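Quick notes on the structure that follows.
The values are calculated or read from the model by the stated rules, or taken from the named source; none is laboratory data. None of the values given here were measured: they were computed from a predicted structure. Note: ideal-geometry Cβ built from the backbone for every residue, glycine included; neighbour counts use all protein chains shown.
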Amino acid sequence: MRSILPSVGAAVVCLVASSAFANSTGVSGRSGKQSGMSCTASGCHSGGTSTPTVTLEGPTALTAGETGQYSLIITGGPGAKAGMNVATGGVDGATLTAGSGTKVLNGELTHSLPKVSSGGSARFDFSLVAPATNGTLKVYAAGNSVNGDNNQGGDAHANATLDVVITGGKDPVAPEEDGGGCSATSGAPAVLLAVFAALGARRRRQSRQG
């Protein structure tokens, strides 16, 4: 009987290789906006002995509807290639637009292919259209620096955030306060007074007639 172990071993190798390549064309949900989720927590990158520096550059104030130009710069780390993930939060309605080497995925930005580092850093440019609501928009970014060997080990990531103040739009709508369930009975005292007044007038008429 022929052993199936070689086939099983080959299948395991293929699965590991697939997981290593799974994020080569980008991934969402790793920007740092989602608590506990990161490039290393995904199980696809780990083991890098040096951590890269991740920087977000761009305007820190926009008017509603204005387009701002931003850059995510990944410096250091294993450094052969780099990937990224960018998301926004704090104020709803912002629109991220991909630049060279990036794409939109599930409303976030990620790399379309790993970018080769040049001079020890990799730069991803993108644009952001400010939402229509005033407030502080937070830009979340993760930068992954990889050694390019297509294996899970030897890679490292870091995160960065940037606050962008939005003005010139509509103010956020404050949540309605709970009235304690009394709104339906707020007119009850006036109604009761009217009833008592009518009863009193009726009694006075009856006493005069008697």
- Task: Give the residues of the range 71-87 that are assigned to a strand (DSSP E or B) and surrounded by fewer than 24 Cβ atoms within 10 Å (Cβ to Cβ), sorted by residue number.
- Result: SER71, ILE73, THR75, LYS81, ALA87
- Message: Can you confirm whether GLU66 is within 19 Å of the chain's Cα centre (by Cα) and farther than 24 Å from ASN147 by Cα?
- Response: no
- What about VAL139, is it among the β-branched types (Val, Ile, Thr) and closer than 12 Å to LEU56 by Cα? yes
- Flag for LEU96 being assigned to a strand (DSSP E or B), farther than 17 Å from THR55 by Cα and in contact with a Gly (Cβ under 8 Å, 6 or more places away or on another chain): yes
- Message: From the list PRO175, PRO131, exactly one residue is without any contact (Cβ under 8 Å) to a residue 24 or more places away in the chain, of a type outside the set (Val, Ile, Thr) and farther than 20 Å from THR25 by Cα. Which is it?
- Response: PRO175
- Which ones in the range 50-70 are among the aliphatic types (A, V, I, L, M) and closer than 19 Å to ASN85 by Cα? VAL54, LEU56
- Query: Within the range 130-150, which residues are more than 18 Å from PRO52 (Cβ to Cβ) and in a loop (DSSP other than H, G, I, E, B)?
  - Reply: ALA130, PRO131, ALA132, ASN134, ASN150
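The rows are residues; the columns are (1) touching a Cys at 6+ places or on another chain (Cβ under 7 Å); (2) surrounded by fewer than 16 Cβ atoms within 10 Å (Cβ to Cβ); (3) modelled with pLDDT of 95 or more.
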site	(1), (2), (3)
LEU96	no, no, yes
SER100	no, yes, no
GLU108	no, no, yes
LYS115	no, no, no
ARG123	no, no, yes
LYS138	no, no, yes
GLY143	no, no, no
